[in-house]
Amino acid sequence: MREASRYLACSSSKRVALKEGSEWRLWGLAIAVTLVLTFGIISVTIPGLRLPNDPTYSLTLKEWVRGLAALVLLFDIYMVYQHLRFERIRRELAERKQLFELITENAADMIAVINREGRRLYNSPAYGKILGYSAEELASTSSIEQIHPDDRARVLEASEKAYLTGRGERLEYRIRRKDGSWRVLESTSNPILGEKGNVEKLVIVNRDITERKRAEELLERHAFYDDLTDLPNRSLFVDRLQQAIARSHRRSDFRFAVLFIDIDEFKMFNDSLGQDAGDQILREVASRLKKGLSDHDMLCGIRANGSGRPSSGESTLARPGGDEFLMLVEDLRDASDSLRISEVIRERLAHPFEVKGNDIVVSASVGIALSAGAWTQATDVLRDAEIAMYRAKQTGKARCEVFDSAMHSDAIKRLQLESDLRRALQQDEFRVYYQPIVSLENSQIIGFEALSRWQRPYGIVMPGEFIKAADESGIILELNRRLLKDACKQLQHWNQQFQAGRPFVISVNITAKQFTQPDLAHQIAEILNQTRTDPSCIHLEITENVTMADPERSATVLSQLKALGVRLSIDDFGTGYSSLCRLQKFPVDVMKIDQTFVSEMDRDPETHEIVRIIVMLAKNLGMEVVAEGIERPDQVAMLRQMGCQLGQGYLFSKPVDAASSELLLRSQYPVAGVGDVALAAAASCSLG
Ligand code: C2E
Ligand code: MG
Ligand code: MG
């Protein structure tokens, strides 16, 4: 500690030492002068000592003596004053020293005094506590030796600078603990000046910021990496992609591709096996993609292939969230490389893996955006890769699509359509049209299929142009809720108005999106209750493709719907790949033969045979059969021969609005009296 105060209070102690030296000289002088004068006074005042007889001489001597005595007195007073001043400085110094001792000994920061050679002349006890070395060990090693090799040059440079300029700067570096681990220090240095004003030593104050650094790193990791898979997140990916775009602008031979990878049916895995299993699947996919990305054969092989030069390109795999992954592959040879990568991804994912005792096989839809596009913004590349991915999903999943500009304009059109559909809902632009379903025996209308039409300022838009977009965007849910409500009210009205002997039925279509709604049955029940509709008069049409997409789930949903008392139809039968065995197990009442068969049956014997088999099959399963798309009388004759009782088609009527439908009914049925209404209500609502 004495060392410390000596060095740290160096400049002031030097000042004091100088003063102390002059003080001793002054004291010496004072004593000498006092002695001489005392001797003089004594010699002139000792009795018997003879002085010259000159009276003026004797007087001058006395005055001299008095004067000198006064001088000595003043001098002594001055000396006492100086002494007191030095005493005060000494006391202050002692206090400072004590304060310094207190600060350095107890400071959490490590304080050291080092000389030009980097040797520590003093180090505070915090050194021992933080780094684990004893005071001797610290004293015997150069401070530079303990600094991380990668940081040494920087530290030396900063210390050189401090010696040269007399100004130290803030520095961060790593230092080795005795146990070999590393601590991060934040250091500031202050110079100690020598007598000539040159920097002799440096006082270094080191703060241990290891924990703060760790926290900062964690925060940074959290900001740029995905917790579940440890892959870069969207922000980091966008950053790297932006750099790749900049490089592609600088180097004409630099090509990159972004692959937007989306796991097919992930929601189904997540819903059925639980979120834990979902997470496990995501981790497994991430690890397979990661392995794929680091695979030499896959990337370098592809890059070097043909071009004859191995690539130094970087590649990044990221998880922006959900079941999506992004891959940035740099330095591609040509566009086909990205397709090969996508193929490798597909192969890698194809191997089953076990999750919660289930063998899982995942597939992915991949959208590719290639650097050939004139992009400047990373987000634009991602948008286009995503559009391509959606195209891959729409065209059958487990596929790969490369973005082209047509896709972009399609996507823009699609966005416009969705926004128009939302506005149309708000402004009530949708109308319900009704197409009669007739008995093929006598062409009598037994019910209607309710179909949507979009009344736009320039004319009517057909469902083929908007139902798919409405379904995928979820707009269909509200659209069909309104349609069902309107249709139920219309049905009540017709059943009351016409004397048909039995109530009419109304068919409404259920789309894929609606079918996946967990509360579909509840929603329908609510509308039936509100409109006081007999459930058996309502037929829900679900296409064969929707029911067969997930047969297990379909069986459950169909049973829930059936429990409401409504009747169920399989729409567009023949267009999908129905498992007849499954079909038998579904609680379905009606089979609607798709119009593509009906339209061909009178021209193509093979199609004729298919329709005959479908009718026979439906009858065997106890279902009613409706033939869709009847346009010619020949078709009616054939269908009747086959035993098909019901039909729908332009031959009878196109879908028309409620007023025109009512005219059709009027042409066939008498308007009911009060008693007939009750009779009609009591009758069953089945089709046949
Ligand atoms: P779908 O359920 O199979 O409806 C029958 C479609 O066949 C209707 O087309 C109808 O106009 C048409 N059609 C009927 N007879 C003939 C015929 O003789 N010749 C020809 N060429 N076509 C005939 P639309 O109204 O254009 O509806 C097409 C599809 O859109 C419907 O097929 C249905 O799946 C869906 N859709 C229509 N409206 C709605 C709705 O409000 N909600 C839902 N979920 N789907 C709807
Ligand atoms: Mg239908
Ligand atoms: Mg149909």
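The values are calculated or read from the model by the stated rules, or taken from the named source; none is laboratory data. Just so we're clear, the structure is a prediction, and the values are computed from it rather than from any experiment. Every residue, glycine among them, receives a Cβ derived from its backbone with ideal geometry; neighbour counts consider all protein chains shown. Accessible surface areas use protein heavy atoms only, side chains included; no ligands, DNA or RNA. Shrake-Rupley method; radii C 1.70, N 1.55, O 1.52, S 1.80 Å.
For the reader, a short list of remarks on this structure follows.
- Some residue of the stretch 126-146 being in a strand (DSSP E or B), of a type in the set (A, V, I, L, M, F, W, C) and either at pLDDT 80 or above or in contact with a Leu (Cβ under 8 Å, 6 or more places away or on another chain) (or both): no
- Test for Ile538: is it more than 15 Å from ligand 3 (Cβ to nearest atom), modelled with pLDDT of 95 or more and not acidic (Asp, Glu): yes
- Residue list for the stretch 185-197, restricted to those being within 17 Å of Ile144 (Cβ to Cβ) and without any contact (Cβ under 8 Å) to a residue 40 or more places away in the chain: Ser187, Ser189
- Looking only at the stretch 541-573, residues that are in contact with a Ser or Thr (Cβ under 8 Å, 6 or more places away or on another chain) and either within 16 Å of ligand 3 (Cβ to nearest atom) or farther than 30 Å from Phe266 by Cβ (or both) come to 15 in all.
- Criterion violated by Phe515 - all others in (1) at pLDDT 95 or above; (2) touching a Ser or Thr at 6+ places or on another chain (Cβ under 9 Å) satisfied: (1)
- For the stretch 452-466, filtering for residues that are within 16 Å of ligand 3 (Cβ to nearest atom) and buried (at least 20 other Cβ atoms within 10 Å of the Cβ) leaves 1.
- Just so you know, in the stretch 525-546 the residues that are under 40 Å from the mean Cα position of the chain (by Cα) and among the acidic types (Asp, Glu) include one that is nearest to Ile437 (Cα to Cα), and it is Glu541.
- Any chance Met110 is within 16 Å of Thr188 (Cα to Cα), surrounded by 12 or more Cβ atoms within 10 Å (Cβ to Cβ) and touching a helix residue (DSSP H, G or I) at 6+ places or on another chain (Cβ under 9 Å): yes
- Number of the exception - Cys400 against (1) out of contact with any helix residue (DSSP H, G or I) (no Cβ under 8 Å at 6 or more places or on another chain); (2) surrounded by 14 or more Cβ atoms within 10 Å (Cβ to Cβ): (1)
- Restricting attention to the stretch 529-581, the residues being surrounded by fewer than 20 Cβ atoms within 10 Å (Cβ to Cβ), free of Cβ contacts under 8 Å to residues at least 60 places away in the same chain, more than 14 Å from ligand 1 (Cβ to nearest atom) and in a helix (DSSP H, G or I) number 16.
One line per residue, one yes/no per condition, for (1) in contact (Cβ under 8 Å) with a residue 12 or more places away in the chain; (2) among the polar types (S, T, N, Q); (3) open to solvent by less than 40 Å² (accessible area, probe 1.4 Å); (4) under 25 Å from Gln560 (Cβ atoms):
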{"residue": "Ile593", "(1), (2), (3), (4)": "yes, no, yes, no"}
{"residue": "Thr596", "(1), (2), (3), (4)": "yes, yes, no, no"}
{"residue": "Val625", "(1), (2), (3), (4)": "yes, no, yes, yes"}
{"residue": "Gln641", "(1), (2), (3), (4)": "no, yes, no, no"}
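- Output for the stretch 353-377, where each listed residue is exposed (fewer than 12 other Cβ atoms within 10 Å of the Cβ) and assigned to a strand (DSSP E or B): Glu354, Asp359
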